[in-house]
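Derivation of every value follows stated rules applied to the coordinates shown; laboratory data play no part. Computed from a prediction, not measured in an experiment: that's the story for all the values here. A quick note on method: Cβ atoms are made from the backbone with ideal geometry, for glycine too, and the neighbour counts reach across all protein chains shown.
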Amino acid sequence: MNIQNEMKLSFESRSINEGFARSAVAAFVMSLDPTVSELSDIKTAVSEAVTNVIVHAYGDASGTVYIHAQITDTGRVIIRIRDKGCGIENVPRAMEPLFTTGGEDRAGLGFAVMQSFMDKVSVRSKEGKGTTVTLEKAIIRRGRNDSRR
Amino acid sequence: MLKMQSDEKNLTVFLTGELDHHKCSEIRKQIDARAEQERPALLKLDFEDVRFMDSSGVGLVMGRYRQMSLLGGRLQVVNVPENISRVFRLSGLERLGVM
Ligand SMILES: Nc1ncnc2c1ncn2[C@@H]1O[C@H](COP(=O)(O)OP(=O)(O)O)[C@@H](O)[C@H]1O
Ligand SMILES: [Mg+2]
């Protein structure tokens, strides 16, 4: 499995950038000719991870959101969303559905959505240092002569 | 602008576009202010023109559910498009009887 294409993006942790982030990743993934539903899954998962950085990692402070997306020659999309924020004290507990430390109107379902919409979700976090969320999904090849090149 | 419509008993809010955390924090206060002022028996959230939603939309609904309980009214979610209903299904909101 080799990396065939990749992109890096960094931007300020403002909520107005949530839409920009998911659209940018969606545009990058378009070369794999995903279905509408695959694309919507990826946009939703990226939106969850980026929102978590803006809401939880940096809180009222401002920081930078880093996105690194890769496409493999097997048609897999790997997206890393990274921050240098507060980190997560207990990752398994944070990933439980309905768990939230968050302010008003957080549903505690961000990780549940990521897990349901992507094939694989992994989280690395260190308190006081930051968090990296890695999202992976295979895009199904649909009857086409190897146009991935 | 957020479109809202009321008759003597009901308040209907027509949600549009991309319902993410950014959008939800903008409209939450507008909905609550209007509901507090009018105290409708039923608050209807119409999702027909929503084309994207993440779990922030679920949070918006849960928060309005709580607020309507405090105000002694009910909440109903209507016209949820198929492509965003998956996020709702994950949430278990069906069990609250608002869908
Ligand atoms: N990047 C992050 N930095 C710090 N804490 C995080 C981060 N992402 C998630 N968390 C923690 O994990 C919890 C659960 O996240 P999530 O499932 O998205 O629910 P919600 O965002 O609604 O709280 C958050 O409330 C927060 O405590
Ligand atoms: Mg979240």
Note: B:55-67 gets an average of partner chain Cβ contacts (10 Å, Cβ to Cβ) equal to 5
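Report, in debye and to the nearest 20, how large the dipole of the stretch A:1-126 comes out about its Cα centre when Lys and Arg carry +1 and Asp and Glu carry -1 on their Cβ.
On the way: 13 positive and 15 negative charges, 74 e Å.
Using Cβ point charges on Lys, Arg, Asp and Glu, the stretch A:1-126 gives about 360 debye.
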In whole angstrom, the spacing between the Cα centers of the stretch A:10-30 and the stretch B:46-88 equals 24
Summing -39500 (n - 2.57) over every DSSP H run of at least 4 in the protein assembly as shown, dividing by its residue total and rounding to the nearest 500, the 222 nm mean residue ellipticity is -11000 deg cm²/dmol
Excluding residues fewer than 8 positions from B:Lys9 in its own chain, the lysines with Cα under 17 Å of it are B:Lys44
Out of B:Leu45, B:Thr16, B:Ser69 - ranked by how far each Cα lies towards the positive end of the dipole of chain B, with unit charges on the beta-carbon of charged residues - the top one is B:Ser69
Share of Cα-Cα pairs in chain B beyond 21 Å, whole percent, is 24
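Roughly how big is the protein assembly as shown's charge dipole about its Cα centre, with Cβ charges of +1 (Lys, Arg) and -1 (Asp, Glu), in debye to the nearest 20? Intermediate results must be reported in sequence, preceding the final value.
Working: 35 positive and 32 negative charges, 99 e Å.
The calculation lands at about 480 debye.
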Nearest 10, in degrees from 0 to 90: the angle of helix A:36-52 to the longest Cα principal axis of chain A is 30
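Which value, in debye to the nearest 20, describes the size of the charge dipole of the stretch B:3-96 about its Cα centre when Lys and Arg Cβ atoms bear +1, Asp and Glu Cβ atoms bear -1, and nothing else is charged? Walk me through the intermediate numbers first.
Working: 15 positive and 14 negative charges, 60 e Å.
It works out to roughly 280 debye.
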In the protein assembly as shown the DSSP beta bridges are antiparallel at a rate, in percent to nearest 5, of 70
Ignoring GluC sites (Glu not before Pro) buried by more than 12 other Cβ within 10 Å or outside DSSP loops, the longest site-free run in chain A is A:1-88
Compactness summary of the stretch A:38-146: radius of gyration and Dmax from Cα atoms, Å, are 14.7, 50
Interchain or sequence-distant (5+) residues whose placed amide H lies within less than 5 Å of the amide H of B:Met99 are B:Val77
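Averaging over all projection directions, find the projected area of the Cα convex hull of the protein assembly as shown and quote it in nm² with one decimal place. Please report the intermediate quantities before stating the final value.
Numbers: hull surface 56.1 nm².
Approximately 14.0 nm², given one-decimal rounding.
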Taking the dipole of the stretch A:70-149 about the Cα centre (Lys, Arg +1; Asp, Glu -1; charges at Cβ), the one of A:Gly108, A:Ile79, A:Thr131 that reaches farthest to the positive side is A:Ile79
Check: C-alpha center the stretch A:71-144 vs C-alpha center the stretch B:1-40, spacing in Å is 30
Rounded to the nearest 10, the angle in degrees between the Cα long axis of helix B:55-70 and the longest principal axis of the Cα atoms of chain B comes to 20
With Cα coordinates, the longest principal axis of chain A makes an angle with the long axis of helix A:17-29, in degrees rounded to 10, of 20
The lysines whose Cα lies under 28 Å from the Cα of A:Lys84, excluding any fewer than 8 residues away in the same chain, are A:Lys8, A:Lys43, A:Lys120, A:Lys126, A:Lys129, A:Lys137, B:Lys23
